[in-house]
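> Supplied in structure tokens, the structure appears directly below.
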Amino acid sequence: MPQQYDFGMIGLGVMGSNLLLNLADHGYATIGYDLNPERMQALEEAAHPGTTVKGAAALADMVLALKKPRKLMMLVPAGKAVDAAITSVLPYLEAGDILIDGGNSFFKDTLHRIAYLQDQGIHFFGMGISGGELGARLGPSMMPGGDKEAYQYLKPLLEAVAAKTDGKPCVAYMGSGAAGHYVKMVHNGIEYAMMQLIAEAYDLLHRGAGYTNEQLQPLFQQWNEGPLQSFLIDITADIFRTIDAETGKHVVDIILDEAGSKGTGRWTTQEALNLPVAIPSIDAAVAARTISGVRSQRLKATGLYQQGNNSIANTESLTRDLESALVVAFLCAYAQGLSMIAMASEEEAMQIPLPSVVQVWKGGCIIRSALLGSFEQAFAQDAQLPNILLDANIAALVQQYEQGLRNTVTQAIAARIPVPAFASALAYIDSFRSAQLPTNLVQAQRDYFGAHTYRRIDKDGVFHTEWNAEAAD
């Protein structure tokens, strides 16, 4: 087979096939391979007339048909499937070729693969892709990381198919090593937090204030026309209008209250602890999904504990407060995620450009929102800003809306409705802006039972006190 194709794809599921079709629509000759021959046939049938899209009969045929340096991507499930794909394709690659893992791989696995393939002369990229099926077809957000010089070969293709905001492509070089997959991991952590916050708002309105789906839909649609404009608020409004054809009920009302996950939120929480950096809103969202999974225990607990009254009387103030609460809590989720990326970039020498991260997230991805525009302004003032809450304009925005967050948490507590993500966002802000925290007592306790020493506020040095009491381990 002659070398005539610009880009190859291993794995022709929904994401892989749609991304190839997107590339073909932008004038690139594309070829794909999948173990399932029906997927290759479906790929060719879905191609628009006049575009070049081919399903290869064998993996070797696909690789050998690519122009050099070869550029190909794997879109297969994270873990063993990625390693199996690498093992299968490696014999047909040559030094200088570029292989991309476009799945949700753990960034530490990506680091190992980079080192392994570097010894073979292969440029390996870990690239996060966000936007789902529709994004892959019409314009995703992409976060590639790897060798900067090799990225120049990928840049024109990726910029052509990426989502665009303000005329700029939502793809940019994220940094060296596994920077791309690291940024995508944190993106997913922020996504967890935003989804949990929306779910808590829904719970307060639905269970607390008795809102029907017919009332929720226009409210969320209204919110989506203001400061909360975002992909997640938009699709939530759509969810509230969707009817199940079989039962005639709203689909949301017949879905079991157990939220699944693929592990990226848990990875984010674990890696934040390792740095360390505080991401309590993301932590709360991960824990909320975990609690949702022990449904049998929750049902048993309802018979052991007094349920009380979950009603919220002042619904007019609730909707105003919730809108404000979501603005501030969304800001906190972004702030926590971006501060995590900033610290990891420094610790791991990944050189992740935070302004580029924000630009990439502005379109095509799940966490895109109008709030990201204010972050662009913040990073234009200071590209190395360690936390966006330190920007004066962001601080003013928080203070404009924070009373709504306080009122929301207060009403939720009174109604016995759990709001862990809202509550953690409020605690995060109050802790972050406190000049004095009670952790001086914590350090005194550590010194009391473990002689861990402490520093003083009135002079330099490290000190220990004989507390004149028996210490317990």
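A short reminder: the numbers here are calculations on the coordinates, not readings from a lab. No experiment lies behind these values; they were computed from the predicted model shown. Reconstructed Cβ throughout: ideal geometry from the backbone, glycine too, with neighbour counts over all protein chains shown.
> Whose amide H sits under 5 Å from the amide H of residue 250, counting only residues 5 or more places off or on another chain, with H placed in the peptide plane?
Sorted by chain and number, the residues that satisfy this are 244.
> Another question, then. Within 10 Å, count the other beta carbons around each residue, average over each peptide in 199-210, 382-393, and list them highest first.
Descending packing order for the listed peptides: 199-210, 382-393.
> Here's another thing I want to ask about it. For the range 7-177, give me the percentage of DSSP beta bridges that are antiparallel, rounded to the nearest 5 percent.
The answer is about 25 percent antiparallel.
> To the nearest 10 degrees, how steeply does helix 179-203 sit against the main Cα axis of the chain, on a 0 to 90 scale?
So the inclination is approximately 50 degrees.
> Amide H to amide H, which residues 5 or more places from residue 32 or on other chains are under 5 Å from it, using H placed in the peptide plane?
Residues meeting the amide H criterion: 9, 54, 55, 56.
> Moving to a separate point now. Per residue, how much space in cubic angstrom lies within the convex hull of the C-alpha atoms of the range 184-432?
Details: hull volume 33.8 nm³, N = 249.
In the range 184-432, the Cα convex hull volume per residue is 136 Å³.
> Each residue of the range 293-300 in turn: what ³J(HN,Hα) in whole Hz from Karplus with 6.51, -1.76, 1.60 and θ = phi - 60°, glycine and Pro shown as x?
Whole-Hz 3J(HN,Hα) from phi for the range 293-300: x, 9, 4, 4, 5, 4, 5, 5.
> Rounded, prolate or oblate, given the Cα gyration tensor of the range 258-385, with a/c below 1.5 counting as rounded?
The shape class here is oblate.
> Can you give the FRET efficiency for residue 298 and residue 320, using 1/(1 + (r/R0)^6), R0 = 30 Å, r = Cβ-Cβ distance, to the nearest 0.05?
In this case the efficiency is close to 0.45.
> Could you work out how far the C-alpha centroid of the range 227-269 sits from that of the range 77-125, in angstrom?
Comparing the Cα centres of the range 227-269 and the range 77-125, I get a distance of 34 Å.
> Starting from 0.36 nm per residue, how many nanometres of slack lie between residue 465 and residue 274 once their C-alpha separation is accounted for?
Full extension of this stretch gives 65.8 nm more.
> Here is a further query. Any idea what angle helix 213-223 forms with the longest principal axis of the chain, computed on alpha-carbon atoms, 0 to 90 degrees, nearest 10?
The answer is roughly 80 degrees.
> How long is the gain from residue 445 to residue 38 if the chain were fully straight, where each residue apart is worth 0.36 nm and the alpha carbon distance is subtracted? List each step's numbers first, then the result.
Working: separation 407, 0.36 × 407 = 146.52 nm, distance 6.52 nm.
Stretched fully, the residue 445-residue 38 segment lengthens by 140.0 nm.
> Something else: FRET efficiency for residue 311 and residue 258, Cβ-Cβ distance as r, R0 = 25 Å, nearest 0.05?
Approximately 0.50, to the nearest 0.05.
> Could I ask something else about it? Residue-wise, which Karplus ³J(HN,Hα) couplings in Hz belong to the range 18-31, taking 6.51 cos²θ - 1.76 cosθ + 1.60, θ = phi - 60°, and x for glycine or proline?
5, 5, 5, 5, 4, 4, 4, 5, 9, x, 8, 7, 10, 9
> What is the range 398-473 by shape, rounded, prolate or oblate, if you read a ≥ b ≥ c off the alpha carbon gyration tensor as root eigenvalues and call it rounded for a/c under 1.5, prolate for a/b larger than b/c, and oblate otherwise?
Oblate.
> Explain nothing, just compute: Karplus ³J(HN,Hα) = 6.51 cos²θ - 1.76 cosθ + 1.60, θ = phi - 60°, for every residue of the range 231-237 in order, whole Hz, x for Gly and Pro.
My calculation for the range 231-237 gives 4, 5, 5, 4, 5, 5, 4 Hz in order.
> Which cross-chain or sequence-distant (5 or more) residues have an amide H under 5 Å from the amide H of residue 104, H modelled 1.01 Å from N in plane?
78
> Would you mind putting 37-45, 428-436 in packing order, based on average other-beta-carbon counts within 10 Å, highest first? Please list the in-between numbers first.
Working: 37-45: 15.0, 428-436: 12.9.
Going from most to least packed, we get 37-45, 428-436.
> For helix 280-292, report the angle its Cα long axis makes with the longest principal axis of the Cα atoms of the chain; keep it between 0 and 90° and round to the nearest 10°.
That helix lies at roughly 80 degrees to the long axis.
> Right, something else. Taking the simple approach of a point 7 Å from Cα along Cα-to-Cβ for both residue 95 and residue 225, what is their distance in nm?
So the label points at residue 95 and residue 225 sit 6.3 nm apart.
> Once you place label points 7 Å from the Cα toward the Cβ at residue 437 and residue 399, how far apart are they in nm?
Once both label points are built, they end up 2.2 nm from each other.
> Kindly identify the range 357-413 as rounded, prolate or oblate by the Cα gyration tensor criterion: order the square roots of the eigenvalues as a ≥ b ≥ c, call it rounded if a/c is under 1.5, otherwise compare a/b with b/c, prolate if a/b is larger, else oblate.
It comes out oblate by the Cα gyration axes.
> Please compute the modelled spin-label separation between residue 413 and residue 427, points set 7 Å along Cα→Cβ, answer in nm with one decimal.
Modelled inter-label distance: 1.1 nm.
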